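Scroll down for the structure; my scribbles are underneath it.
The values are calculated or read from the model by the stated rules, or taken from the named source; none is laboratory data. Being a predicted model, the structure only gives us computed values, none of them experimental. Here the Cβ positions follow ideal geometry from the backbone for every residue, glycine too, while neighbour counts run over all protein chains shown.
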Amino acid sequence: MSTAGKVIKCKAAVAWEPGKPLSIEDVEVSPPKANEVRIKVFATSVCYTDWEYLYESEKGKKFRPFPLVLGHEAAGIVESVGSGVTKFSPGDQVIPLFLPQCQECDRCRSPKTNHCRKNWEHMQGGVMADGTSRISCQGQQIYQFLGVSTFSQYTVVPDTSLTKIRNDAPLEKVCLLGCGVSTGYGAAMKTGKVEKDSTCAVFGLGAVGLAAVMGCKAAGARRIIGIDINPDKFGKAMTLGATECVNPDDHTKPIQEVVVELTNGGVDFALECVGYPKVMRDALESTTEAWGLCVIAGWTEAETMCVPVEKLLMGRTLTGTYFGGWKSVQDIPKLVDEYMNLNLKLDEFITHKLPLRQINDAFDLLNSGASIRTVINLW
């Protein structure tokens, strides 16, 4: 493309400091360096994690340096590639990944995990492998959230944090696979390995929880109980596979006791999709003795979960999942194929569509519980 090797001036939503709304700014995006790819971002969606790092950066989250460009759930087209890049070419449709897959390290070669750590410390710190960002504004370096930063019309990512997808996939739909839907769906299908005819409880019916419901249904679960304090989400949960929904506020007993009574002893699988330690414990205690499995998919970095040891000694298993257990580079194109083959739902998660200039409205919709996913059109 004619822009290859040149600095690109474009629009981005910049977070200048914690707790303040995003500001639409003119930014400069440098060309990719070795083993990097510059992407023209067409669509990005607003994840609750973006909201939390902006407005609750000191609450259960490790501090990220500001100013930064948030966003990590997106799809776009390769604009140019740096030296050493062999798997991508200009024009490729791609999904950037906050979890890399180098395909060479011990973790990538192991079937037991998806926790590749290629460029991990740098990406968590908001920079590329050389310790600098590719985005600047008003002469100042702008940090890249998780090494991705998709609230920008152009961004640069490591080539190990990017996956190529089929050219006929609608970018404004498959962008959801960059985080929330993949995480929830994988929590049930990949990490939890939910079994046919089993009973399940999903705690939290945001995008991750609804995707977990969808995963439980795809696995053939007989009973899927959706749990949320917002009853407005129950209809969507039923559409995606929940057999019943429960509002904890409607009961005087703790929700785990309600679930145990409803299922005559507890569910086989519980999936926690909120990110609060109390809810994590509730989810664990809602599972049956002997073989109950609780998967933690909700995100928190700095909080502590308190678990009565007896709950584990009686045969329950507690585990966590990151990005649903998917090996990002190789598995996300398969999920795109599932969507294109009508075996995976994405459209149902999209409740709003807004232009970049209204991205703060998308944050408000998400925080109020009025939206599941708002897709932002960058152009």
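Here is a yes/no grid of residues against (1) outside the structural domain of S368 (by TED's automatic domain parsing); (2) among the small types (G, A, S); (3) over 30 Å from T304 (Cα atoms):
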{"residue": "A15", "(1), (2), (3)": "no, yes, no"}
{"residue": "G19", "(1), (2), (3)": "no, yes, no"}
{"residue": "N35", "(1), (2), (3)": "no, no, yes"}
{"residue": "I39", "(1), (2), (3)": "no, no, yes"}
{"residue": "A43", "(1), (2), (3)": "no, yes, yes"}
{"residue": "E56", "(1), (2), (3)": "no, no, no"}
{"residue": "F63", "(1), (2), (3)": "no, no, no"}
{"residue": "S80", "(1), (2), (3)": "no, yes, yes"}
Subject >> Matching option when the condition is β-branched (V, I, T), surrounded by fewer than 24 Cβ atoms within 10 Å (Cβ to Cβ) and at pLDDT 95 or above, among T183, T199, T191, T252 >> reply: T252
**OP:** Please indicate, with yes or no, whether at least one residue in the range 104-117 is touching a strand residue (DSSP E or B) at 6+ places or on another chain (Cβ under 9 Å) and either touching a residue at least 24 places away in the same chain (Cβ under 8 Å) or not β-branched (V, I, T) (or both).
**Re:** no
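Residues checked against (1) more than 23 Å from the chain's Cα centre (by Cα); (2) over 19 Å from S371 (Cα atoms); (3) charged (D, E, K, R); (4) in a loop (DSSP other than H, G, I, E, B):
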{"position": "V14", "(1), (2), (3), (4)": "no, yes, no, no"}
{"position": "E25", "(1), (2), (3), (4)": "yes, yes, yes, no"}
{"position": "P31", "(1), (2), (3), (4)": "yes, yes, no, yes"}
{"position": "V37", "(1), (2), (3), (4)": "no, yes, no, no"}
{"position": "V41", "(1), (2), (3), (4)": "no, yes, no, no"}
{"position": "Y53", "(1), (2), (3), (4)": "no, no, no, no"}
Original post:
Looking at this structure, is A74 over 23 Å from G131 (Cα atoms), buried (at least 24 other Cβ atoms within 10 Å of the Cβ) and in the same structural domain as H122 (by TED's automatic domain parsing)?
Top reply: yes
Original post:
Considering T49, T44, T86, which residue is among the β-branched types (V, I, T) and without any contact (Cβ under 8 Å) to a residue 60 or more places away in the chain?
Top reply: T86
**OP:** Scan the range 34-71 for residues that are acidic (D, E), in contact with a strand residue (DSSP E or B) (Cβ under 8 Å, 6 or more places away or on another chain) and surrounded by fewer than 17 Cβ atoms within 10 Å (Cβ to Cβ) and report the count.
**Re:** 0
